[in-house]
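Below is one structure, written out as structure tokens; comments come after it.
The values are calculated or read from the model by the stated rules, or taken from the named source; none is laboratory data. Keep in mind that what you see is a predicted model, and the values were worked out from it rather than measured. Here the Cβ positions follow ideal geometry from the backbone for every residue, glycine too, while neighbour counts run over all protein chains shown.
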Amino acid sequence: MDLQNIRSQFPILQREINGKPLVYLDNAATSQKPLSVIEVESNYYKELNANVHRGIHTLSQLATEEMENARRKLQKFINAAHDYEVIFTKGTTESINLITYALSNSGTVSEGDEIIITHLEHHSNIVPWQMLCKRTGAKLKVIPIDEEGVLNLDFLRENLSDRTKIVSFNYVSNALGIVNPVQEMISIIRQNSEAWIVVDGAQAVPHFKVDVQALDCDFFAFSGHKMYAPTGTGVLYGKEKILESLEPFHGGGEMIATCSFEKTTYAALPFKFEAGTPNIAGNIALGAAVDFIEGIGHEILQQHENKLLSYAQEKLLAIDNLRIYGENAHRTGVVSFNLQNVGISSDVGMILDKLGIAVRTGHHCTQPIMEYFNIAGTVRASFAVYNTLEEVDILAEGIKKAQRMLS
Ligand code: PMP
């Protein structure tokens, strides 16, 4: 992999922060964008801008073609069986909310039903389910973790029943980088219940190939902005039969077949779930981000990121009093740590920022994980394809400096 070539495609990496070259290690929050993606988005407004799906005029047809072409790229990206199983959303959060409202609007979940999530979830895979439970009287159950952040699959096995309507879990934890045994979880769920399976793939698709048909999940949600695409883009994949059976989330233009005051009928998939004018430029640019990732190749990208992660683990563990959470678990893309002799993660983050190093500190929208470890937050360094081993060295030196300054 030609790392210098890849870095040269990301204009922001040339920036200095506080007089130092930017070391961007906050990729789990959002990745930077390559020129190819930026240009596709801006060219859309320069050359193509028109509303989609409605117009008879040439520009509208071209814009529609481009967006539907992006949908087909995303279909192949996750190996969905049909392009109409790919619904454009504004990100993982909206994708999960779409499912929860579609379920309650359809009466698919009701009082006495059970929904299982895990202790490792992002708030966006907790709160929408709590809200669904509040609306319907269903009950939420949570798969516990151990000291390494590993899920207790016996709990899953023991708690699946006829009442289980949904099991929803992330593929990769954003706070710790732990890769959950998703395939094993899905086979346990299939053997013991009829529950629908939702996978939050926000931290998976930027790092490795996902095949929704091989996984056999019922829904798969992800965000564009963590995989080199613009903010405000994302996808909900759902199996055709299930999507067909559900009521829509939002109502409005684009999602109807016929509308009258007496009766409205809904459009075919995926439009039934895409009310209103979509983020056309963003969705097309999301297709360009797929091209960017596939241009490098998943295997090469993954090899590089694994090298960064194991090098970072080695460098950071050599620092006194540094604890990595989930140190021995199977992880990707993330080291989440604290200096145990230095109380507050944000102090470390502030010193690193002075050195030009961007990391995330705090609870990472996963307060239950922080509660479990009895901490307010962690420092999280997260990697993307353009990061280098030298940047890991700079991070390690920065952490040592922070430790000297704060202790
Ligand atoms: N799930 C996971 C695992 C995440 O990492 C994130 C983003 N941090 C989300 C869900 C929410 O994604 P978004 O804010 O893009 O909707």
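Some values worked out for this structure:
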item	result
Residue in the range 56-63 that is under 24 Å from residue 9 (Cβ atoms), buried (at least 18 other Cβ atoms within 10 Å of the Cβ), in the same structural domain as residue 253 (by TED's automatic domain parsing) and touching a helix residue (DSSP H, G or I) at 6+ places or on another chain (Cβ under 6 Å) present	no
Residue count, the range 138-160 (criterion: outside any loop (DSSP other than H, G, I, E, B) and either among the polar types (S, T, N, Q) or surrounded by fewer than 21 Cβ atoms within 10 Å (Cβ to Cβ) (or both))	10
Qualifying positions in the range 33-53 - over 28 Å from residue 276 (Cα atoms) and crowded, with 16+ Cβ neighbours inside 10 Å	34
Of all residues making up the range 129-147, the number that are within 16 Å of the ligand (Cβ to nearest atom) and either at pLDDT below 95 or touching a Lys or Arg at 6+ places or on another chain (Cβ under 8 Å) (or both)	0
Selection within the range 91-111 - in contact (Cβ under 8 Å) with a residue 60 or more places away in the chain, of a type in the set (A, V, I, L, M) and away from the ligand (no atom under 11 Å from the Cβ)	98, 99, 102, 103
Candidates 146, 200, 154, 211, filtered to the one that is more than 22 Å from residue 368 (Cα to Cα) and either acidic (Asp, Glu) or in the same structural domain as residue 72 (by TED's automatic domain parsing) (or both)	211
Leading residue by the ranking (nearest to the ligand (Cβ to nearest atom)) among those in the range 183-218 that are surrounded by fewer than 17 Cβ atoms within 10 Å (Cβ to Cβ) and in contact (Cβ under 8 Å) with a residue 40 or more places away in the chain	211
Any chance residue 118 is farther than 30 Å from residue 383 by Cβ and surrounded by 15 or more Cβ atoms within 10 Å (Cβ to Cβ)	no
Residue match in the range 71-87 (condition: in a strand (DSSP E or B) and either touching a helix residue (DSSP H, G or I) at 6+ places or on another chain (Cβ under 6 Å) or modelled with pLDDT of 95 or more (or both))	yes
Subset tally (residues that are more than 16 Å from the ligand (Cβ to nearest atom) and within 17 Å of the chain's Cα centre (by Cα)) for the range 80-90	1
Residue 27 vs. criteria buried (at least 19 other Cβ atoms within 10 Å of the Cβ), within 15 Å of the ligand (Cβ to nearest atom), among the polar types (S, T, N, Q) and within 24 Å of residue 275 (Cβ to Cβ)	no
Subset of the range 148-173 that is within 15 Å of residue 331 (Cβ to Cβ) and touching a Gly at 6+ places or on another chain (Cβ under 9 Å) - its residue that is nearest to the ligand (Cβ to nearest atom)	170
Condition met for residue 331 (farther than 23 Å from residue 2 by Cβ and in contact (Cβ under 8 Å) with a residue 40 or more places away in the chain)	yes
Neighbours by Cβ (under 8 Å, 6+ apart or cross-chain): first from the range 5-29, on the phi > 0 side of the Ramachandran plot and not assigned by TED's automatic domain parsing to the domain that holds residue 223; second assigned to a loop (DSSP other than H, G, I, E, B) and more than 16 Å from the ligand (Cβ to nearest atom)	18/355; 18/356; 19/356
Residues of the range 112-128 classified as away from the ligand (no atom under 13 Å from the Cβ) and either closer than 16 Å to residue 95 by Cα or not in a loop (DSSP other than H, G, I, E, B) (or both), total	3
Any hit, the range 221-243, residues being assigned to a helix (DSSP H, G or I) and of a type in the set (Gly, Ala, Ser)	no
Residues of the range 349-407 satisfying the condition of being surrounded by fewer than 21 Cβ atoms within 10 Å (Cβ to Cβ), of a type in the set (Gly, Ala, Ser) and farther than 15 Å from residue 26 by Cβ	376, 396, 407
Identity of the residue in the range 161-184, under 19 Å from the mean Cα position of the chain (by Cα) and part of a helix (DSSP H, G or I), that ends up nearest to residue 148 (Cα to Cα)	182
